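The values are calculated or read from the model by the stated rules, or taken from the named source; none is laboratory data. Here the structure is a predicted model, which is why all the values come from computation and not from measurement. Neighbour counts run over all protein chains shown; Cβ positions are idealised from the backbone, glycine included. We work out accessible area using only protein heavy atoms, side chains counted, and drop any ligands, DNA or RNA first. Shrake-Rupley method; radii C 1.70, N 1.55, O 1.52, S 1.80 Å.
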Amino acid sequence: MDTRKSFLLVGGGLVGLATAYRLQERFPLASITLLEKETIVGAHQSTHNSGVLHAGLYYAPGSAKAKLAVTGIRQMTKFCREEGIAHEICGKLVVAVTPEELPRLDELLRRGIANGLQGLRKIETTEMRKIEPHVNGLAAVHVPEEGIVDYRQVCDRLALRIQERGGRIITGAKVTRLERKAGAWVATTQTAEFDADFLINCAGLHCDLVAKQAGEQRDIRIIPFRGEYYNLKPEAQHLVKNLVYPVPNPQFPFLGVHFTRMIQGGIEAGPNAVLAFAREGYQLTKFNGSDMLDMLFFPGLWRFLRKYPAMACTELIQSFSKIHFCHALQQLVPDIRASDLVPGGAGVRAQAMKPTGDFVDDFHLLVRQDALHVLNAPSPAATASLAIGEHIVNQLPI
């Protein structure tokens, strides 16, 4: 490749920033411009999450999720060490609370070992309670490689390093139009036009819309799901030491509520998963008519709701009722009381959905001769962002 070529990236979250960072490593003479519609980078999924460093326990061996998670956590922790970014490898317990969950716990252990995680072990109740004295369960898998991190610092440091190397990051630059002119991509924003030889779409919650602007069919649609959190009051924070997660139920598409110690201090509980009424619907009352019409006219959403009516109802009830939310938390930590919980933050998950109503479970890239669209980057995308950026650069048809 002619390393003097130019790249235009849309989306300044962790995946976009990491891709620009890896592009500069591979093509140090290339011109790189990253457009971000907000006034700061990492304004949405990158910093509206639980701040966990995921090691790759849950993901099917051989999947992109598994490979990138295992590589990604090691790259991310190395980056944080070198850059002095707040992080801690504190370990996690994945807890089986019913006999029906024990075979699934064994399967998680098998997956984790197959994925190359180090130090995994299954432990019984006595040892489990040495690690987390207030946790209820029959057995658990201890994942020593998992941890917590300040993703806000990661975003800001990546942006700084990109700019130090000569890359441009333009904030407040919402792309309103994309077109090909004279062999180049031209992105029109509210204030200026930007052009480049190659387009990389890392727009997260808006990635399908950006792909449509670039002339792609929207076979996959982004459906936003809000995840709401509670924080434990200071007097209840002794009930959780580090990270406590449930065993996933294969009948439901979401993980379920869990507990996370935050790098800034305190304990976070959640999230639930409720359909949001806007792509950036961080509050229950946030409504965007265009986003809602886009979802309502998508047959996949209705097929999804028909598949999971009980789950959709339960998640909605938990959104309105702290008592019901607390009841879900008590499955893991019985001593938690509703009075221990105060409202926390919320995030919105950009869930890629097929017309059948099924989720796109793995990372999904659409590669063209002069463009690459990241159409699904679910958890563990934040942890794995540096590895994802490297993977994207490896996929470029140039």
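Pairs, please: C-beta under 9 Å, at least 6 apart or cross-chain, first residue on the phi > 0 side of the Ramachandran plot and in region 20-45, second aromatic (Phe, Trp, Tyr)?
Listed by first residue and then by second, the contacts come to GLY42/TYR151.
Within region 1-31, which residues are buried (at least 24 other Cβ atoms within 10 Å of the Cβ) and assigned to a strand (DSSP E or B)?
The answer is PHE7, LEU8, LEU9, VAL10.
If only one of MET295, MET311, MET353 is at pLDDT below 95 and open to solvent by less than 30 Å² (accessible area, probe 1.4 Å), which one is it?
None of the other options fit; the residue is MET311.
Quick check on my filter: what residues within region 144-172 are under 22 Å from GLY56 (Cα atoms) and of a type in the set (Ser, Thr, Tyr)?
Within region 144-172, TYR151 is the sole residue that qualifies.
Only residues in region 117-131 that are under 18 Å from GLU107 (Cβ atoms) and touching a residue at least 60 places away in the same chain (Cβ under 8 Å) count as the first member; pair them with residues that are assigned to a helix (DSSP H, G or I) and open to solvent by 90 Å² or more (accessible area, probe 1.4 Å), Cβ under 7 angstrom, at least 6 apart or cross-chain, and list the lot.
LEU120/ILE113
Report, by residue number, each residue of region 256-277 that is touching a Phe, Trp or Tyr at 6+ places or on another chain (Cβ under 7 Å) and in a strand (DSSP E or B).
HIS258, ILE267, GLU268, ALA269, GLY270, VAL274, LEU275
Here are some residues: ARG161, ARG177, ARG157. Which one is touching a helix residue (DSSP H, G or I) at 6+ places or on another chain (Cβ under 7 Å) and exposed (fewer than 14 other Cβ atoms within 10 Å of the Cβ)?
When all the criteria are applied, what remains is ARG177.
Can you tell me which residue is least open to solvent (accessible area, probe 1.4 Å) among those in region 242-261 that are more than 21 Å from HIS48 (Cβ to Cβ) and modelled with pLDDT under 90?
Checked region 242-261; the qualifying residue least open to solvent (accessible area, probe 1.4 Å) is ASN249.
Would region 330-338 turn up any residue that is of a type outside the set (Phe, Trp, Tyr), in contact with a Phe, Trp or Tyr (Cβ under 6 Å, 6 or more places away or on another chain), surrounded by fewer than 18 Cβ atoms within 10 Å (Cβ to Cβ) and outside any loop (DSSP other than H, G, I, E, B)?
No, region 330-338 contains no residue that is of a type outside the set (Phe, Trp, Tyr), in contact with a Phe, Trp or Tyr (Cβ under 6 Å, 6 or more places away or on another chain), surrounded by fewer than 18 Cβ atoms within 10 Å (Cβ to Cβ) and outside any loop (DSSP other than H, G, I, E, B).
Output the number of the condition that ASN201 fails; it satisfies all remaining conditions of (1) out of contact with any Asp or Glu (no Cβ under 7 Å at 6 or more places or on another chain); (2) polar (S, T, N, Q); (3) open to solvent by 30 Å² or more (accessible area, probe 1.4 Å).
Checking ASN201 against (1) out of contact with any Asp or Glu (no Cβ under 7 Å at 6 or more places or on another chain); (2) polar (S, T, N, Q); (3) open to solvent by 30 Å² or more (accessible area, probe 1.4 Å), the one that fails is (3).
Just one of the numbered conditions (1) crowded, with 22+ Cβ neighbours inside 10 Å; (2) in contact (Cβ under 8 Å) with a residue 60 or more places away in the chain; (3) touching a strand residue (DSSP E or B) at 6+ places or on another chain (Cβ under 7 Å) is not true of ALA140; which one?
(2)
Hey, could you check region 32-55 for residues that are of a type in the set (Ser, Thr, Tyr) and in a loop (DSSP other than H, G, I, E, B) and say which is farthest from VAL210 (Cα to Cα)?
Result: SER50.
Does region 224-231 contain any residue that is of a type outside the set (A, V, I, L, M) and open to solvent by 50 Å² or more (accessible area, probe 1.4 Å)?
For region 224-231, residues of a type outside the set (A, V, I, L, M) and open to solvent by 50 Å² or more (accessible area, probe 1.4 Å): absent.
Might you check whether a residue that is in contact with a helix residue (DSSP H, G or I) (Cβ under 7 Å, 6 or more places away or on another chain) and either assigned to a helix (DSSP H, G or I) or more than 30 Å from SER385 (Cα to Cα) (or both) occurs anywhere in region 349-356?
Taking every residue of region 349-356 in turn, none turns out to be in contact with a helix residue (DSSP H, G or I) (Cβ under 7 Å, 6 or more places away or on another chain) and either assigned to a helix (DSSP H, G or I) or more than 30 Å from SER385 (Cα to Cα) (or both).
What tally of residues in region 278-321 results from selecting those that are part of a helix (DSSP H, G or I) and of a type in the set (S, T, N, Q)?
Total satisfying the criteria: 4.
Kindly indicate which of VAL175, VAL143, VAL149 is in contact with a Cys (Cβ under 7 Å, 6 or more places away or on another chain) and either of a type outside the set (S, T, N, Q) or within 26 Å of LEU386 (Cβ to Cβ) (or both).
Exactly one of VAL175, VAL143, VAL149 is in contact with a Cys (Cβ under 7 Å, 6 or more places away or on another chain) and either of a type outside the set (S, T, N, Q) or within 26 Å of LEU386 (Cβ to Cβ) (or both), namely VAL149.
Listed here are the residues, each with its yes/no results for (1) over 21 Å from the mean Cα position of the chain (by Cα); (2) closer than 20 Å to GLN75 by Cβ.
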residue: SER339; (1), (2): yes, no
residue: GLY344; (1), (2): no, no
residue: LYS354; (1), (2): no, no
residue: ASP362; (1), (2): no, yes
residue: HIS373; (1), (2): no, no
residue: ILE398; (1), (2): yes, no
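Anything in region 370-398 that is assigned to a loop (DSSP other than H, G, I, E, B) and either at pLDDT 95 or above or open to solvent by less than 40 Å² (accessible area, probe 1.4 Å) (or both)? List them, or say none.
Matches in region 370-398: ASP370, ALA377, PRO378, PRO380, ALA381, ALA382, THR383, ALA384, LEU396.
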